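Accompanying notes for the structure given below.
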Amino acid sequence: MTVEPVSEQMLAVDGDVSAPGEPATMSGAALDLLRIVRINEEIKRIVTVAFKINIMALNAIFLAKRAGNAALGFGVLSNELRVFSKDLRESMMSLTRQIHDLVVEVSAVLQDSRHDDIFARATREVPDNAELQAVLARRETRHGEAVERIASQRRSLRLAVDDAARLVELGGVLAKSAKIEAAYGAGFATSLSQVSGEFDGVVEEIRSSLDALRRSGFFGGEA
C-alpha cells in the first residue's frame, strides 16, 4: 500500500504533537503511522526476549533435576517462567494483530487525504457546485468515522499494553522468587543463582521495553 503526502488539517487525530526525536514537520496520521511502526519494532524485540526466557527455563528445569530435592522449588518456578514466556509471546502476538489493524486504518486515511484536498480545492474554485459539495461532505464524514475508529483502536492497544505490563510484573516476581530458591540448591546453589540472575535481568529488559511502549507519543507520552 502506497503512502501519499498528507494534509495536517485533514489528518488531525489524537496525539498529533511531535515528541522529542520525531520529525517536527510530521503530524496527524503520518506521525501516528511512524509511532505505530516504532511500537511494532519494540514488540518484535520483546518476542525475541520471550523466546530467550523459554530456552533459559528449559535449561533451568534440567539443572534443577540434576540438583534433586534441594532444587524442587527452583524447578517449579522455572517451569512457571516457561509458562510466563508462552503467555507473553501470545500477548505480543495479540498486540501485533492490533498493530496490523491500525496500520491498515491509518494508511487508508493517509491515502484518502490527498483526494480530500483535491476535492476541497475544487469546491473552493467552484463554490456553487452542489455535487462537489456533496462529495466533499461525504468524504469528511468518512474521515471523521475513520478518526473515531483510530481513537478506539488506540485505546484498545493501550489497554493491551497495560495488560502485558501486569503480566511482566508477575514474571518479575517469579524471577526474584527463583533467586531466593537458588540459595537452597546445596552444591548447585552457585549455578542456580547464576541462572536465576539471568532470568531477573531478562525480565527487566522486557519491562524496560514495555515502559517505552507506554511512553510512546501514540498514547500521548514523550517517547
- [ ] Convert 10 °C to kelvin, take the viscosity as 1.306 mPa s, use the Kirkwood radius over C-alpha pairs of segment 124-223 as Rh, and evaluate the Stokes-Einstein diffusion coefficient in µm²/s, rounded to a whole number.
- [x] 89 µm²/s
Open item on the list: Give me log10 I(q)/I(0) at q = 0.16, 0.19, 0.21, 0.23 Å⁻¹ for segment 80-177, Debye formula, one equal scatterer per alpha-carbon, no solvent.
Closed with: -0.76, -0.90, -0.99, -1.08
- [ ] May I ask you to list the lysines whose Cα is less than 17 Å away from that of LYS44, ignoring any residue fewer than eight positions away on the same chain?
- [x] LYS52, LYS86
Task: Whole-angstrom Cα spans of segment 164-223 along principal axes, big to small - done: 51, 16, 10
Open item on the list: Rounded to two decimals, what is the ratio between the C-alpha radius of gyration of segment 81-122 and 2.2 N^0.38 Å?
Closed with: 2.02
- [ ] Could you pull the Rg and Dmax for segment 16-137, using just the Cα atoms, both in Å?
- [x] 25.5, 87
Open item on the list: How large is the Kirkwood hydrodynamic radius of the chain, counting all unique pairs of alpha carbons, in Å?
Closed with: 20.1 Å
Task: Pairwise label distance in nanometres, ALA186 with PHE62, each label 7 Å out on the Cα-Cβ vector - done: 2.2 nm
- [ ] Could you point to the residue in VAL126, LEU77, VAL49 farthest towards the positive end of the chain's charge dipole, with +1 and -1 charges on the Cβ of Lys/Arg and Asp/Glu respectively?
- [x] LEU77
TODO: Quick one: pull the percentage of alpha-carbon pairs in segment 48-120 with a separation above 15 Å.
DONE: 67 percent
- [ ] Based on alpha-carbon positions alone, could you give the equivalent ellipsoid semi-axes of segment 22-87 from the gyration tensor, as √(5λ), descending, whole Å?
- [x] 43, 8, 7
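Values in this text are rule-based calculations from the coordinates and carry no lab data. Just so we're clear, the structure is a prediction, and the values are computed from it rather than from any experiment. Positions of Cβ are generated from backbone atoms using ideal geometry, with glycine treated the same way; all protein chains shown enter the neighbour counts.
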